[in-house]
1. Would you please calculate the Kirkwood hydrodynamic radius of the range 147-218 over all C-alpha pairs and express it in Å, rounded to one decimal?
2. Using a simple spin-label model with points 7 Å from Cα along the Cα→Cβ vector, what separation in nm is obtained for THR53 and GLN110?
3. What does the charge add up to near ALA171, with Lys and Arg as +1, Asp and Glu as -1, over the other residues with Cβ less than 13 Å from its Cβ?
4. Apply the Karplus curve 6.51 cos²θ - 1.76 cosθ + 1.60, θ = phi - 60°, to the phi angles in the range 121-127 and return the couplings in whole Hz, x for Gly and Pro.
5. If one takes the longest principal axis of the Cα atoms in the chain, at what angle in degrees, from 0 to 90 and to the nearest 10, does the Cα axis of helix 218-227 lie?
6. Using the Karplus curve 6.51 cos²θ - 1.76 cosθ + 1.60 with θ = phi - 60°, work out ³J(HN,Hα) for each residue of the range 63-76 in order, rounded to whole Hz, and write x for Gly and Pro.
7. Using only the alpha-carbon atoms, how far is helix 194-204 inclined from the longest principal axis of the chain? Give it as 0 to 90 degrees, nearest 10.
8. For a quick check: with amide H placed at 1.01 Å from N, whose amide H comes under 5 Å from VAL179's, ignoring anything fewer than 5 positions away on the same chain?
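The numbers here are math on the coordinates, done by the rules we state, and not lab data. Predicted model only: the values in this text are computed from it and were never measured. For neighbour counting, all protein chains shown are included, and Cβ atoms are generated from backbone atoms with ideal geometry for every residue, glycine included.
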Amino acid sequence: MRTRLLILLAATLFAPPPRTAAGTGEAAPPRRLKRSEAFLGIHFDFHAGRDCTEIGKNTTREMIAAILDQVRPDYLQIDCKGHPGLSSYPTRVGHPAPGFVGDPLRLWRQVTAERGVALYMHYSGVWDSVAVQRHPDWAAVHADGTPDKNATSLFGPYVDRLLIPQLRELAGEYGADGVWVDGDCWAAIPDYSPAAVRAFREATGLEAVPRGAGEPHWTAWMDFHREA
């Protein structure tokens with residue numbers, strides 16, 4: 001249910017802008033294709049790290065225009081937050097990488113919008129190492145009671161305090177057309193945090209929580225996480 005709500009939220013946040021620039025006298029920007037209408041796209045996989053101190057140094061309007069003019073993609077998909085958890089743009093709500101030269105994401109948005117090319121964000125969802133380091137209570141918990149060093153809990157405050165605020169920032173401040181959430185299938189793990197265990201018991205009526213494959217109700221435990 002929570003996943004379905006997030007999908008609906010993303011659809012609302014990243015709704016396309018109006019086609020007219022009413023009252024401005026300016027021509028409306030070219031129409032950008034929806035992802036369902038697109039054929040060719042380019043995905044830039046970045047995953048900013050702590051050694052990234054000059055993000056945007058080599059990003060110019062001319063460089064972006066050359067890519068769009070030569071390849072003519074229907075959309076671009078660029079990084080905004082990789083698995084380490086550092087954002088590759090100067091976010092005000094997330095955890096930015098160490099340094100930037102200008103605001104490269106804003107430049108990507110400006111040039112793509114001028115040419116009618118959709119711009120999507122690559123966003124690491126469940127896997128966020130920095131968020132877990134700074135907020136240990138956001139982490140998924142292993143069966144032995146230790147918090148994971150990378151995976152966030154689907155039952156903790158991560159979604160409400162970071163993921164949704166950052167998606168709102170990307171949609172509102174930057175006008176992104178959408179987001180591709182990376183890692184939610186393979187990075188999610190069975191979560192033994194108190195909130196997850198409580199939710200499992202409420203959803204299934206089962207009291208005993210299995211600690212490993214082969215124990216009673218293991219399939220129910222795994223299905224519960226798949227539906228979370």
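1. 14.7 Å
2. So the two model labels end up 2.7 nm from each other.
3. -1
4. Coupling constants for the range 121-127: 9, 8, 10, 6, x, 4, 7 Hz.
5. Tilt of helix 218-227: around 20 degrees.
6. My calculation for the range 63-76 gives 5, 5, 4, 5, 4, 5, 6, 7, 8, 6, x, 7, 7, 10 Hz in order.
7. Approximately 80 degrees, to the nearest ten.
8. Answer set, sorted by chain and number: MET121.
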